[in-house]
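K.L.:
Below is the structure I would like to discuss, written out as C-alpha cells.
The values are calculated or read from the model by the stated rules, or taken from the named source; none is laboratory data. Keep in mind the model is a prediction, meaning the values are calculated, not measured. Because the Cβ atoms are built from the backbone with ideal geometry, glycine has one as well, and the counts that use them run over all protein chains shown.
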Amino acid sequence: MPELPEVESVRRQMLPHVCGRSITAVDRDPYPSKRIYALADAVGLRIDTVLRRGKYLLLPLTGASGAVEKELVIHLGMTGVLGFTPDAPHVRVRFALDDGAQLTFRDPRRFGRVCVVTPGMYATIPTLQRLGPEPLESTFSVAGFAVALQHSRTPVKAALLNQRVVAGVGNIYADEALWAAKIHPASRRIGVKRAGVLHAELIRILTAAVAREGTTFRNYELLNGASGKFASALNVYGKTGGSCPRCATPFRRAVIAQRGTTYCPKCQRH
DNA sequence: CACGCCTCCTGTGCGC
DNA sequence: TGCGCACAGGAGGCGT
C-alpha cells in the first residue's frame with residue numbers, strides 16, 4: 001500500500017534512470033482497464049523530471065521544441081511496482097526508453113493508474129484535481145488543517161484518507177499518526193489544540209518514513225526490489241492482537257471508512 | 001455539497 | 001492435502 005513515503009522513495013530512485021530519456025515505444029497488456037489510457041501520446045517525448053503530488057507520480061514530457069507537451073501520471077494503487085524487469089509477472093505497461101531500458105509497471109491487483117494527459121489538466125483524475133496540501137511542504141498549515149477538521153463531520157480517520165484535507169496519507173500513516181497524537185480514529189470532534197498535535201505527528205512520522213524509504217508491509221518494493229525500512233518503527237498498523245507500547249492496553253480493531261483500523265481504546269480519546 | 005456505501009481487482013492465508 | 005472464502009485497501013462512482 002504505497003503512500004507518500006513509498007511513492008517519494010520510488011520517485012527519488014527512478015530519477016537518475018529516466019531523466020533525459022525519451023520514450024520510444026509503449027505497450028500494455030490487453031486487459032481492458034479504465035485506469036490505463038492514452039499511453040501512445042507519450043511516444044517520442046522526453047522525460048525531464050519526476051515530480052510527486054500526494055501518491056501520484058507526475059512526469060512532464062517534453063517535445064522536440066523544448067516545450068512540455070504531455071504529462072505522464074502514475075498511481076501505484078495498492079500493488080503497483082515500477083522497475084526495469086520487462087519479463088516479470090503481472091507487467092501491465094512497458095515504456096521502452098532510448099537507452100534500451102524498459103520501464104515496467106507491474107500490478108497484480110490492477111488498482112494502479114497509468115495515463116497521459118495535457119499538462120496540469122486533471123479533469124479525468126478527480127482526486128488529483130482536488131488534492132489537498134503536501135504534508136511536508138509549507139502549504140500544509142496548522143491553521144488550515146484545524147479549520148478543515150472542524151468543518152468535517154466524518155471520523156477523523158476518514159478525513160485523513162480522503163486526500164483533500166492533506167495529500168498522501170493512507171491507512172498505515174493515518175493509524176500511526178492518530179496513535180501518536182492520542183486521538184481516537186472515529187472521533188468527529190477535533191479541536192484546534194489536538195489538530196495541532198496531529199499536524200505535528202503527521203509531519204514527524206512521514207518525514208521519518210521517507211528517511212527510511214517507506215514501509216514494506218505487504219506489496220511495496222523499490223525499483224531494485226529492495227524493501228522500505230520503516231516497518232520496524234510501526235507502533236499500531238498491523239498490530240492486531242498486540243498491545244499499546246505506551247499503556248500496554250490490548251489494541252482494538254474497527255472498520256472506519258471501509259478500512260481496517262487498529263487503535264488503543266485507552267489512550268486514543270474521542 | 002457532503003457523506004457513506006459499494007465496486008473494482010487478485011494474491012494470500014486461514015479454517016475445516 | 002485441498003478447497004473455499006474472507007480479507008487486504010486507494011480511489012471512482014453513485015445514492016441519499
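K.L.:
Taking the condition farther than 24 Å from A:Q258 by Cα and small (G, A, S), does A:G144 pass?
P.N.:
It is true that A:G144 is farther than 24 Å from A:Q258 by Cα and small (G, A, S).
K.L.:
Here's another thing I want to ask about it. Of the numbered conditions (1) over 25 Å from A:A211 (Cβ atoms); (2) in a strand (DSSP E or B), A:L57 satisfies every one except a single condition; which is it?
P.N.:
Of (1) over 25 Å from A:A211 (Cβ atoms); (2) in a strand (DSSP E or B), only one is false for A:L57: (1).
K.L.:
A:T62: β-branched (V, I, T) and within 16 Å of DNA strand B (Cβ to nearest atom), yes or no?
P.N.:
no
K.L.:
Same structure again: Working carefully through the options A:E8, A:E69, find the one that is at pLDDT 95 or above, in contact with a Ser or Thr (Cβ under 8 Å, 6 or more places away or on another chain) and either closer than 22 Å to A:R130 by Cβ or not in a loop (DSSP other than H, G, I, E, B) (or both).
P.N.:
A:E69 is the lone residue from the list that is at pLDDT 95 or above, in contact with a Ser or Thr (Cβ under 8 Å, 6 or more places away or on another chain) and either closer than 22 Å to A:R130 by Cβ or not in a loop (DSSP other than H, G, I, E, B) (or both).
K.L.:
For the range A:198-220, state whether one or more residues are polar (S, T, N, Q), more than 16 Å from DNA strand B (Cβ to nearest atom) and over 22 Å from A:L76 (Cα atoms).
P.N.:
No, the conditions are met nowhere in the range A:198-220.
K.L.:
Looking only at the range A:21-39, count every residue that is closer than 30 Å to A:G132 by Cα, in contact (Cβ under 8 Å) with a residue 24 or more places away in the chain and out of contact with any strand residue (DSSP E or B) (no Cβ under 6 Å at 6 or more places or on another chain) and tell me the total.
P.N.:
Total meeting the criteria: 1.
K.L.:
Only one of A:P30, A:P16 is in a helix (DSSP H, G or I) and surrounded by fewer than 17 Cβ atoms within 10 Å (Cβ to Cβ); which?
P.N.:
On inspection, the qualifying residue turns out to be A:P16.
K.L.:
Out of (1) away from DNA strand B (no atom under 16 Å from the Cβ); (2) in contact with an Asp or Glu (Cβ under 7 Å, 6 or more places away or on another chain), the odd one out for A:G77 is which?
P.N.:
(1)
K.L.:
Out of the residues in the range A:244-261 meeting the condition of being within 16 Å of DNA strand B (Cβ to nearest atom) and assigned to a loop (DSSP other than H, G, I, E, B), tell me which one is surrounded by the fewest Cβ atoms within 10 Å (Cβ to Cβ).
P.N.:
Going through the qualifying residues, I end up with A:Q258.
K.L.:
If you don't mind, another one. When you check A:P16 against the structure, is it modelled with pLDDT under 95, outside the structural domain of A:L223 (by TED's automatic domain parsing) and out of contact with any Cys (no Cβ under 9 Å at 6 or more places or on another chain), yes or no?
P.N.:
no
K.L.:
Here's something else I'd like to know. Within the range A:100-118, track down each residue that is in a loop (DSSP other than H, G, I, E, B) and either touching a Lys or Arg at 6+ places or on another chain (Cβ under 6 Å) or under 14 Å from A:D29 (Cβ atoms) (or both).
P.N.:
The answer is A:D107, A:P108, A:R109, A:R110, A:G112.
K.L.:
In the range A:82-89, is there at least one residue being among the β-branched types (V, I, T), within 23 Å of A:Y31 (Cβ to Cβ) and in a loop (DSSP other than H, G, I, E, B)?
P.N.:
Yes, the conditions are met somewhere in the range A:82-89.
K.L.:
With the condition kept exactly as written, say whether any residue in the range A:165-180 is of a type in the set (A, V, I, L, M, F, W, C), over 25 Å from A:T127 (Cβ atoms) and modelled with pLDDT of 95 or more.
P.N.:
Within the range A:165-180 (the criterion being of a type in the set (A, V, I, L, M, F, W, C), over 25 Å from A:T127 (Cβ atoms) and modelled with pLDDT of 95 or more), the answer is yes, since at least one residue qualifies.
K.L.:
Taking the range A:125-140 on its own, how many of its residues are surrounded by 14 or more Cβ atoms within 10 Å (Cβ to Cβ), assigned to a loop (DSSP other than H, G, I, E, B) and either within 14 Å of DNA strand C (Cβ to nearest atom) or among the basic types (K, R) (or both)?
P.N.:
Summing the residues that are surrounded by 14 or more Cβ atoms within 10 Å (Cβ to Cβ), assigned to a loop (DSSP other than H, G, I, E, B) and either within 14 Å of DNA strand C (Cβ to nearest atom) or among the basic types (K, R) (or both) in the range A:125-140 gives 5.
K.L.:
Which one of these does A:T62 not meet: (1) among the hydroxyl-bearing types (S, T, Y); (2) closer than 17 Å to A:Y122 by Cβ; (3) more than 16 Å from the chain's Cα centre (by Cα)?
P.N.:
Unmet for A:T62, out of (1) among the hydroxyl-bearing types (S, T, Y); (2) closer than 17 Å to A:Y122 by Cβ; (3) more than 16 Å from the chain's Cα centre (by Cα): (2).
K.L.:
Just need a number here: residues in the range A:141-171 that are in contact (Cβ under 8 Å) with a residue 40 or more places away in the chain and away from DNA strand C (no atom under 11 Å from the Cβ).
P.N.:
Number of matching residues: 8.
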